[in-house]
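For reference, the structure is listed below as structure tokens.
The values are calculated or read from the model by the stated rules, or taken from the named source; none is laboratory data. Values in this document were obtained by computation on a predicted structure and should not be read as measured data. Surface accessibility is based on the protein's heavy atoms, side chains included, excluding ligands, DNA and RNA. Shrake-Rupley method; radii C 1.70, N 1.55, O 1.52, S 1.80 Å.
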Amino acid sequence: MAKELRPGILTVYLYIPNIIVSTFGAVLDMVTDRISTACLLVILSQVYRPGLVFLSLLALDIASHWLQMYSTFLVGKASHKDVKDSTSWLFKAYYGNRIFMGYCCVACEVLYITLFLLAKNQAENMTDVLVNAAKQSLVHFTLVALLLFGWAIKQTINVIQ
């Protein structure tokens, strides 16, 4: 019979900070983020025309994060988010303020999910869908504007990386 664990005691393998703070955890975090974003972008490339826009965003996302992680490990930094010696003020603001970075990341993913949910049929124009959504109400307009702003900042950061 298997030994039962007391409620409140977790095994060390399930303790998330042990996974997250290691190099393995950093790479695992990046890979899972890239896979989820890749799935969304591939689906959107089949829903909206031209689909190449979404596939280009996918290539930019993967390439920028891979190069950032690889260059970080080459110079011996502990984290790819350590940008103290960067010359870009936007790059420093993005990685220096976790709330701002979180907003941009969430806005990007929520924009992709929103685009998927708003698509009524294949071969739609993404711009028309967003404009129509924004015209529905002030709340929709504000939401679309906030999502697009966060998305634009994140794409700019990807280019800087």
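Starting at the first residue of the stretch 33-48, write each ³J(HN,Hα) from the Karplus equation 6.51 cos²θ - 1.76 cosθ + 1.60 with θ = phi - 60°, in whole Hz, x for Gly and Pro.
Once rounded to whole Hz, the list reads 5, 5, 5, 5, 5, 4, 4, 4, 5, 5, 4, 5, 5, 8, 8, 10.
Which value, in Å² rounded to 10, gives the accessible area of residue 99 with a 1.4 Å probe and all protein chains present?
140 Å²
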